[in-house]
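Written out below as structure tokens is the structure these notes cover.
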Amino acid sequence: MAPTACLRPPFLPARARARARSANPAATSASPSRLSLKCSAANGDSSKPKPNPISPTSPPRATVADGVESVDVNGLRRPPAPASGLTVPGARDPQWLPRPLTSADVIEGNGKGLKVAYQGCPGAYSEAAARKAYLNCETVPCEHFDTAFQAVQNWVADRAVLPLENSLGGSIHRNYDLLLRHSLHIVGEVRLAVRHCLLANPGVKIENLKSAMSHPQALAQCEHTLTELGIEHREAVDDTAGAAKFVAEQMLQDTGAIASSLAAKLYGLDVLAENIQDDKDNVTRFMMLAREPIIPRTDKPFKTSIVFSLEEGPGQLFKALAVFALREINLTKIESRPHKERPLRVSDDCLLKNFDYLFYVDLEASMADPKTQNALGNLKEFATFLRVLGSYPTDVNEP
């Protein structure tokens, strides 16, 4: 490539330029108001710049109106000018951007390929609830409730199905506390009818039993029936299936287990009596937990679970519940629990210490509904803490 030379105009003092303009006014009017710098090849031809040839098939040059850099015939680039009326969808509307795929998008609806954690031994009611929620899932038994939470959070399992409340025994407070300790989301609920059975080793009769072993709630739910059967002693363990496993492994002859019929099949026990619960309408509500929330909808019944705390004072709870009543949002559950991080609060007279409470509330509403969003926005204005635990489809099937 031939070297290029840049031609510089001669320097003239201001007085000399003024005399030149007055001596030749025609040249002054014909020349531009400012001297421009031009580069030419070193072959001495500096009279005209060589234009770049443009073929009929060449794309048109970008101009300033296109919002990009423009190029003149001399090859000099001008800075880009802002384009008027040009919108960038991704920058102006974040909803325009595609949503990343989650595990819920690639897993079949029947649960095939899912690992679902539950608390208890194989044969527990929680396992039955997990299989009802995810038909073809692979169940993962966990020793404690906290272990099931950690299994999902640490990617050992994809979901967890854990009990939240029972129609006879009430709420399982441990799981309410664990919901705040972990960052999992409620993505569904499933109701399971509990049918307690009295199990024993083969050959053992009811009149041989002196003790019954099971979970404390199962023992309480069968208290009247056990008394009628003459079984006076009670022995509490961590879960119902664990009781059946222990009776089978130890070959106990005077102790029975209260568990499910599935546990009897798994551990080779006989079913001495079925449906021994005092109240036949015994239903447990389980929550389905995942690492990621689901997208709420409005074309089917949804439920939203929240937890919040309030300042001390008369009418604060009334004010919080009013944000839902004024928007005709029905509440299906409200549960209060002491705030473990702030268990005590000194009153204004500095003499009494009161508990600081968290309120767990279930709403018959979807987070996709603007009414729900407005209600929570109103609650957030005066609540000291607010968290949405999940917005998920309501279980409308028979338990």
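Could you tell me whether region 130-250 comes out rounded, prolate or oblate from its Cα gyration tensor? Rule is a ≥ b ≥ c as square roots of the eigenvalues, rounded for a/c under 1.5, then prolate if a/b exceeds b/c, otherwise oblate. Before the final figure, lay out the partial values.
Details: a/c = 2.36, a/b = 1.93, b/c = 1.23.
Here region 130-250 falls in the prolate category.
Subtracting the Cα-Cα distance from 0.36 nm times the residue separation, let me have the gained length for His144 to Ala220 in nm, one decimal.
Numbers: separation 76, 0.36 × 76 = 27.36 nm, distance 2.06 nm.
Here the answer is 25.3 nm.
Could you calculate the contour length gain from Ser211 to Glu381, that is, 0.36 nm times the residue separation minus the distance between their Cα atoms, to one decimal place in nm?
Details: separation 170, 0.36 × 170 = 61.20 nm, distance 5.54 nm.
Net length gain for the segment: 55.7 nm.
7 Å from Cα along Cα→Cβ at both Ile295 and Arg191: what's the point-to-point distance in nm?
In this crude spin-label approximation the distance works out to 2.9 nm.
Peptides 240-248, 378-386, 299-307: what's the order by average Cβ count within 10 Å, highest mean first? Each step should come with its number before you reach the end.
Numbers: 240-248: 25.0, 378-386: 15.3, 299-307: 17.3.
The densest-packed peptide leads the list: 240-248, 299-307, 378-386.
Once R0 is set to 51 Å, what does the formula 1/(1 + (r/R0)^6) return for the Cβ-Cβ distance between Arg234 and Leu135, expressed as a FRET efficiency to the nearest 0.05?
Details: r = 35 Å, r/R0 = 0.69.
Calculated transfer efficiency: 0.90.
Between Gln373 and Arg181, what FRET efficiency follows from the Cβ-Cβ distance if R0 is 35 Å, with the result rounded to 0.05? Mind dumping the intermediate values first?
Details: r = 26 Å, r/R0 = 0.76.
That pair, Gln373 with Arg181, gives E of 0.85.
Can you work out ³J(HN,Hα) from phi for every residue in region 321-336, in order, using Karplus 6.51 cos²θ - 1.76 cosθ + 1.60 and θ = phi - 60°, giving whole Hz and x for Gly and Pro?
Along region 321-336, the couplings run 6, 5, 5, 8, 5, 5, 9, 6, 9, 7, 9, 9, 7, 9, 9, 10 Hz.
Just so you know, all these numbers are worked out from the coordinates, no wet-lab data involved. What you see is a predicted model, and the numbers here were worked out from it, not measured in a lab. Counting neighbours? That spans all protein chains shown, and the Cβs are built from the backbone with ideal geometry, glycine included.
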